[in-house]
Amino acid sequence: MQTYDTSESISLFNRAREVIPGGIYGHYAASNKRAGPRYFSRAEGAHFWDVDGNDYIDYMCAYGPNILGYNNQVVDEAAQAQYRLGNTVSLVAPITIELAEVLVDMVTAADWALFGKNGGDSTGLAVRIARAETGRRKVVKVTDGYHGVAPWMMATMDFESARTGTVPEDGAHILQVPWNDTDAFEQLIGEHKDDIACFISSPYDHPTMRDNELPDDGYWRKMEKLCRDNGIVLIVDDVRAGFRINLAGSNVAYGFTPDLICFGKAIANGYPLSALVGTDALREAATKVFYTGTQFFNAAPMAAAKATLLELQRANAATKITETGAALNEGLVRVASQQGYELIASGVPAMPFYRLANVPTAAHFAWVDECVKRGVYFLGYHNHFVSTAHTQADLGRTFEIVNDAFIAMGDPGSHQTV
Ligand SMILES: Cc1ncc(COP(=O)(O)O)c(C=O)c1O
């Protein structure tokens, strides 16, 4: 391996700290804590290059938006064409309707769509529509489910209050249930009869720092029935998994129908857009609830989203990335085992979470660092993402690099077991 140099990243980070609190913030701040790159110079397909010129096969996909490859020509040209016509203007662009039509056509549970910018816009709106429709206060979420940085959501996080910037009242009406626990939900319904507005959850449990969990058989059908029987609005937060499991909505894969689905991340292949889709039963509430933002009507990201959704359909993307993710998992588990390590891949194949078993967490993170410095961009604590741009050649190179990373780690027995 050539000498791995990230000095330009570090020098930019030091410059950033003078003018940006913390230098890098939010989920990107994870890169501050590890060895590895902090700033990119360019990106293409499934790769990015850092400011020091190192090339990475990227399995984080910008934490989800990249689903068709960076700089996808079809998407970029659609956005550019709309930029030339106009982007943020004093009227709505017709592309908004075209995009809503494509979504309603493609997503089984959707009769209508509203657009915002970030995933948190959609989850916040979904909760407000549920409250407006039911006249109830309580929101039930899964214990470590993440739905954005709004106070109602952050107040439930296991952080000290200074890190959430919230007061207990922000979370006063938020109730939590463990994942896959229908009994706990039933108990809450008993305790808060007629005051639960909605249940919001991702289609499967994708927390950070631990194995991701799929729904148990029958889990979603039971949750759907409990919601229906008790007048509770069922919201799927598909911001992260959306379009990576099933283009018609992740719920289709698990055999149930929600009232509202939140999309974000992959919907426009990196252009700023999110969507909330819903059923006719909630159309009136969705009409009444005030929802806006200065940038919500940007036309170019809508053109990008329409092109992304059509490309996803044309490329049969969910199936393709599921197959690529399964091949990635299979190869990584095999390489690990050849070097005496056990790698656990959890979650859905298109969004794999990796954990090295039988070694301390520090050894798992050290292995991730060894992969990163050789050109495979993994993250130790978060699920990964696969795009349609990841090629067989990328996978082959990944296996070689990961094999070298295991060799650099040495004998698994040399790491103290937990
Ligand atoms: C499941 C889920 N919901 C909501 C959000 C919030 O989305 P955003 O950060 O775009 O507001 C995220 C972001 O990671 C997410 O993963």
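Just so you know, all these numbers are worked out from the coordinates, no wet-lab data involved. Quick caveat, the model's predicted, so the values are computed rather than measured. Methodologically, a virtual Cβ is constructed for each residue, glycine included, from the backbone with ideal geometry; neighbour enumeration extends over all protein chains shown.
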Cut-off under 5 Å, modelled amide H: who pairs with Val233 long-range: Cys198, Phe199
With Cα atoms, 0 to 90° folded angle of helix 182-191 axis to the chain main axis: 40 degrees
Net charge of Cβ neighbours under 10 Å - reference Gly380; Lys, Arg +1; Asp, Glu -1: +2
Förster-model FRET efficiency, 45 Å R0, Asp111 and Arg334, C-beta, rounded to 0.05: 0.50
Among Thr88, Thr322, Thr96: highest mean-square fluctuation, GNM of the chain, C-alpha pairs under 10 Å: Thr88
Amide H contacts under 5 Å for Leu68, placed H, 5+ residues apart: Thr388
Inter-probe distance in nm under a simple model that places probes 7 Å from Cα toward Cβ, at Val19 and Asn230: 5.2 nm
Whole-Å distance, taken between Cα centres, linking the stretch 360-383 and the stretch 91-157: 33 Å
Label-point separation, Glu191 to Ala29 (7 Å along Cα→Cβ), nm: 3.1 nm
Length released on extending from Ser41 to Val104, taking residue separation times 0.36 nm less the Cα-Cα span: 19.0 nm
From phi via Karplus (6.51, -1.76, 1.60), per-residue ³J(HN,Hα) for the stretch 402-411 in Hz, x at Gly/Pro: 5, 4, 4, 5, 5, 4, 5, 6, x, 4
Mean Cβ neighbour count within 10 Å, used as a protection proxy, ranking 41-52, 111-122, 140-151 highest first: 111-122, 140-151, 41-52
Straight-distance crosslink candidates among lysines, where the alpha carbon sits under 21 Å from Lys306 and sequence neighbours closer than 8 are dropped: Lys117, Lys265, Lys320
Mean ellipticity per residue at 222 nm, deg cm²/dmol - from DSSP H runs of n ≥ 4 across the chain, formula -39500 (n - 2.57): -12000 deg cm²/dmol
Among Val372, Val19, Val107: highest mean-square fluctuation, GNM of the chain, C-alpha pairs under 10 Å: Val19
Rough spin-label spacing in nm, given labels placed 7 Å along Cα→Cβ, for Glu284 and Thr257: 1.9 nm
